[in-house]
Amino acid sequence: MNKILVIGEIGINHNGSLETAIDLINECKNAGVDVVKFQKRNPDICVPEDQKSKLRDTPWGKMSYLEYKKKIEFEQREYNFIEAHCKKIGIQWTASVWDIPSFHFINSYNVPYIKIPSACITDKELLSEMNKKSTKPIMISTGMSTLEEVKQCVSLLESKIDSMLLCNSSYPSDYFEIDLNALSLLKDLFPSLKIGYSGHETDILPSVLACGAGSQIIERHVTLDKNMWGTDHKSSLDIPQLKELVSNIRKAEIIMGERKLVVYEKEKEMAKKLRKEN
């Protein structure tokens, strides 16, 4: 039986609170998640110039968009605590990196892989730097990307890329946008990579179906409350949904079984009853 890697994406759903992040890590661990994932950015680099000074209403009052992005960004103190806590309770962690300084920052930690988010797989400067310097396997997502853009990304990352997640970047995604049949296309085109699914739908059905379509990895955003303030909570799974998803994934692993025909013991007994002896 091939075990499916389950990633709980905390992302920025901690809203800048380390306490919320730790609660989410603990809930993911209790649900049976394998890896929790965050997002790491340098706001001075990632926020477009025309957006930096725009005012935004936040839980901390009205502030510029740049100030808000810095407010919710974890730095070394938080990630040191996260790494220590994950080691203590026995769960892995990693992050998506959105710029070169963030890549070097996450690359310095003991993470199982580093993720390039869908928004960045066309960032040739970032890809080149990761190909040269990454000491960890690299995972990508295909959201917003043409097949040609995906191929170019794979080519630039060379042997460093390890896995690819089919993804639709609508938040949340409608069923007609998901196209799980593309999993088999990616498997055929990139046979050396682990192929998985990163979902932004509001329920768990597409993620479960992805397991039946051969997904080796399932990644879903998680939240303590879909009604929390922030952009990603509505398209995230709450904790009861997360537990149900992991339970169904583990059942799917058993159901999918092996790529061979097996006559099981109960069938042999049935054969004795129903088949004529030759």
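The values are calculated or read from the model by the stated rules, or taken from the named source; none is laboratory data. Keep in mind it's a predicted model, so treat the numbers as computed, not measured. We place every Cβ from the backbone using ideal geometry, glycine too, and count neighbours over all the protein chains shown.
Here are a few things to note about the model shown:
- Criterion (among the hydroxyl-bearing types (Ser, Thr, Tyr), under 19 Å from Leu242 (Cα atoms) and out of contact with any Ser or Thr (no Cβ under 6 Å at 6 or more places or on another chain)) met by exactly one of Ser155, Ser173: Ser173
- Ser108 vs. criteria surrounded by fewer than 15 Cβ atoms within 10 Å (Cβ to Cβ) and either of a type in the set (A, V, I, L, M) or more than 15 Å from Lys160 (Cα to Cα) (or both): yes
- Flag if Leu183 is touching a residue at least 24 places away in the same chain (Cβ under 8 Å), under 23 Å from Val246 (Cβ atoms), part of a helix (DSSP H, G or I) and out of contact with any strand residue (DSSP E or B) (no Cβ under 7 Å at 6 or more places or on another chain): no
- Matching residues, segment 198-253, being of a type in the set (D, E, K, R), more than 21 Å from Met144 (Cα to Cα) and in contact with a strand residue (DSSP E or B) (Cβ under 8 Å, 6 or more places away or on another chain): Asp238
- Exclusive hit being surrounded by 16 or more Cβ atoms within 10 Å (Cβ to Cβ), modelled with pLDDT under 95 and within 27 Å of Thr231 (Cβ to Cβ), set Ser163, Ser169, Ser141: Ser169
- Out of Asn26, Asn15, Asn30, sole residue that is within 20 Å of the chain's Cα centre (by Cα), of a type in the set (S, T, N, Q) and modelled with pLDDT under 95: Asn15
- Members of segment 192-220 that are in contact (Cβ under 8 Å) with a residue 24 or more places away in the chain and farther than 20 Å from Phe176 by Cβ: Leu193, Lys194, Ile195, Gly196, Cys211, Gly214, Gln216, Ile217, Ile218, Glu219
- Residue match in segment 145-160 (condition: of a type outside the set (Ser, Thr, Tyr), surrounded by fewer than 16 Cβ atoms within 10 Å (Cβ to Cβ) and either closer than 22 Å to Gly214 by Cβ or within 16 Å of the chain's Cα centre (by Cα) (or both)): yes
- Test set (1) within 21 Å of Met228 (Cβ to Cβ); (2) among the basic types (Lys, Arg); (3) surrounded by fewer than 18 Cβ atoms within 10 Å (Cβ to Cβ) - Arg77 fails condition number: (1)
- Residue match in segment 47-67 (condition: farther than 26 Å from Gly196 by Cα, under 21 Å from the mean Cα position of the chain (by Cα) and surrounded by 15 or more Cβ atoms within 10 Å (Cβ to Cβ)): no
- Residue within segment 210-217 that is more than 17 Å from Lys3 (Cβ to Cβ), surrounded by 11 or more Cβ atoms within 10 Å (Cβ to Cβ) and out of contact with any Gly (no Cβ under 6 Å at 6 or more places or on another chain) present: no
For every residue, the table says whether it meets (1) buried (at least 17 other Cβ atoms within 10 Å of the Cβ); (2) of a type outside the set (Val, Ile, Thr).
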{"position": "Lys226", "(1), (2)": "no, yes"}
{"position": "Gly230", "(1), (2)": "yes, yes"}
{"position": "Leu237", "(1), (2)": "yes, yes"}
{"position": "Gly257", "(1), (2)": "no, yes"}
{"position": "Val262", "(1), (2)": "no, no"}
{"position": "Glu265", "(1), (2)": "no, yes"}
{"position": "Lys273", "(1), (2)": "no, yes"}
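- When segment 105-133 is limited to residues that are within 19 Å of the chain's Cα centre (by Cα) and of a type in the set (S, T, N, Q), the one that is farthest from Asn168 (Cα to Cα) turns out to be Asn110.
- Any hit, segment 37-58, residues being assigned to a helix (DSSP H, G or I) and without any contact (Cβ under 8 Å) to a residue 12 or more places away in the chain: yes
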